[in-house]
Amino acid sequence: MKRITIIKLSFIIAFLSVWVCTSVARAVDQEGIKYRCAHQVFSAFEKDNLEAFTKETGIKVDVKAYPSDAAVNLLVNGYCDIASTARTLDPRHEDNGFKQTAICIDPLAIIANARCGIDNVTEKQLEDIFSGDIINWKELGGPDLPIIVIVPGEHTGASKNFRRLVMKHKEIKYAITTSASSMVIDAVKYLPMGSISFISQGAAFQHKEIKSLDVNGISTKDPNYPFTQTFYYVTKGEPTGQIKKLIDFTLSEKGSQIIKMNGMNPVQRQGKVSN
């Protein structure tokens, strides 16, 4: 009799354990994905991408935007399931099992107010503008207006990429700085027409009040444009479950179309480039 009771009790405990585990798993699925996204990535295409992903899969995504380094650090410290960044992952994070997956190639656009009066700058002129050696648009063939240099904060991916690619780590002299990289768009739009800055082409793409300047006569639409940055997803180890579904969707034909519609290029995969 006692043995039968013990067997029944063991069965009940086993059943409850399975039920609890199943309930927890369902609760996690219902919570969806906690995603900490780089400001540039969110503004460039991710808002549209996530809406399409949720519509197709029913998976909800709790997304919040941060500077690239902050987004990755939140993932490293366990505050989210996935992050994105406009910077290559630090080797120390790779050594600790974190994995980056390239999403797209983004032209780092030089943006100015649409009424600034010029359409092209050279790399040398850019360096001189942002170092304070050129201070008026008339020196570039434009109107007699002071150049107002606006930059995102030094902690942002856009700033770090620009300092490396354009300035070769030379000091930048600026009039205004913003806490988030994407905020430079509104600053250039609404401040006097002499303002200039830089940001993801995807983020600037749909704003008619600003223009992306050609560099050395090369448009941001041209594959030979000199300044590009790569956007990445970052995960703890190989992505699985809902996280893998999100990454797979972004890299699919539907996700690639959203990226291209916003003026960027999906990365090459398996020897082919998505057209």
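The values are calculated or read from the model by the stated rules, or taken from the named source; none is laboratory data. Computed from a predicted model, the values in this text were never measured in an experiment. Virtual Cβ from ideal backbone geometry, glycine too; neighbours counted across all protein chains shown.
Those helices (runs of 4 or more DSSP H) of region 58-131 in which 2 or more residues are outside the structural domain of residue 251 (by TED's automatic domain parsing) occupy 123-131. Only one of these conditions is not met by residue 94: (1) at pLDDT below 95; (2) more than 18 Å from residue 247 (Cβ to Cβ). Which number is it? Residue 94 satisfies all of (1) at pLDDT below 95; (2) more than 18 Å from residue 247 (Cβ to Cβ) except (2).
Tell me, yes or no, whether region 202-212 has at least one residue that is acidic (Asp, Glu) and free of Cβ contacts under 8 Å to residues at least 12 places away in the same chain. No: zero hits. When 235, 220 are screened for being in contact (Cβ under 8 Å) with a residue 24 or more places away in the chain and within 22 Å of residue 165 (Cβ to Cβ), only 220 passes. Scanning region 240-254 turns up no residue that is closer than 26 Å to residue 141 by Cβ, of a type in the set (Phe, Trp, Tyr) and not in a strand (DSSP E or B). Going by the structure shown, is residue 57 in contact with a helix residue (DSSP H, G or I) (Cβ under 9 Å, 6 or more places away or on another chain) and either at negative phi or exposed (fewer than 15 other Cβ atoms within 10 Å of the Cβ) (or both)? It is true that residue 57 is in contact with a helix residue (DSSP H, G or I) (Cβ under 9 Å, 6 or more places away or on another chain) and either at negative phi or exposed (fewer than 15 other Cβ atoms within 10 Å of the Cβ) (or both). Considering every residue within region 246-254, establish whether at least one is modelled with pLDDT of 95 or more, surrounded by fewer than 19 Cβ atoms within 10 Å (Cβ to Cβ) and in contact with a Pro (Cβ under 6 Å, 6 or more places away or on another chain). Scanning region 246-254 turns up at least one residue that is modelled with pLDDT of 95 or more, surrounded by fewer than 19 Cβ atoms within 10 Å (Cβ to Cβ) and in contact with a Pro (Cβ under 6 Å, 6 or more places away or on another chain).
Are any residues in region 104-133 of a type in the set (A, V, I, L, M) and within 22 Å of residue 223 (Cβ to Cβ), and if so, which ones? Residues satisfying the conditions are 105, 108, 109, 110, 111, 121, 126.
Listed here are the residues, each with its yes/no results for (1) of a type in the set (Asp, Glu); (2) more than 16 Å from the chain's Cα centre (by Cα).
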position: 56; (1), (2): yes, yes
position: 66; (1), (2): no, no
position: 73; (1), (2): no, no
position: 94; (1), (2): yes, yes
position: 97; (1), (2): no, yes
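The condition (being aliphatic (A, V, I, L, M), buried (at least 18 other Cβ atoms within 10 Å of the Cβ) and assigned to a loop (DSSP other than H, G, I, E, B)) is satisfied by just one residue among 150, 196, 172, 185: 172. Residue by residue through region 212-239, note down the ones that are surrounded by 14 or more Cβ atoms within 10 Å (Cβ to Cβ), over 20 Å from the mean Cα position of the chain (by Cα) and on the phi < 0 side of the Ramachandran plot. Once the filter is applied, which keeps residues that are surrounded by 14 or more Cβ atoms within 10 Å (Cβ to Cβ), over 20 Å from the mean Cα position of the chain (by Cα) and on the phi < 0 side of the Ramachandran plot, region 212-239 yields 213, 214, 215, 218, 219. The numbered conditions (1) part of a helix (DSSP H, G or I); (2) over 19 Å from residue 66 (Cβ atoms) are all true for residue 221 except (1). Within region 78-103, residues that are over 18 Å from residue 265 (Cβ atoms) sit with their Cβ atoms under 6 Å from residues that are in a loop (DSSP other than H, G, I, E, B), at 6+ positions apart or across chains, in these pairs: 97/237.
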